[in-house]
Amino acid sequence: MYNFTVATAHTYVVGEGEWLVHNAKCRTPHGDDRHSQGDRPTQYAFQDQQNPLEVYDDNNTGNTVYVGRGGRTHIFTPDGEHHTSFWTTRQNR
């Protein structure tokens, strides 16, 4: 296993099996701000992206919304960057 970062892309294809992978823990500047504030569930963003309970595609922005346990909700850009996190309830999704 190797860990590396591709500077020019967040999502890319590797290996003979042509696996689609992405750089780990990439955040937009807004995502960095939310993570540093500590009052949102940003620490679960990448875990919930890999094992979501619900997934929604935003057709207007191209963003993807991943919902994890307890209403942890995370928005990722089309490039795979974590943009923001917040709490939701089933009623407001």
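The values are calculated or read from the model by the stated rules, or taken from the named source; none is laboratory data. Predicted model only: the values in this text are computed from it and were never measured. Virtual Cβ from ideal backbone geometry, glycine too; neighbours counted across all protein chains shown. Just the protein is used for accessible areas: all its heavy atoms, side chains included, with ligands, DNA and RNA removed. Shrake-Rupley method; radii C 1.70, N 1.55, O 1.52, S 1.80 Å.
Some observations on this one:
- Identity of the residue in the stretch 76-93, of a type in the set (S, T, N, Q) and farther than 13 Å from residue 26 by Cα, that ends up surrounded by the most Cβ atoms within 10 Å (Cβ to Cβ): 85
- Taking the stretch 59-93 as the range and being of a type in the set (Gly, Ala, Ser) and touching a residue at least 60 places away in the same chain (Cβ under 8 Å) as the test, only 80 passes.
- Of the residues 61, 73, the single one that is under 22 Å from residue 33 (Cα atoms) and open to solvent by less than 60 Å² (accessible area, probe 1.4 Å) is 73.
- Of the residues making up the stretch 33-53, just one is within 16 Å of residue 92 (Cβ to Cβ) and open to solvent by less than 30 Å² (accessible area, probe 1.4 Å), namely 41.
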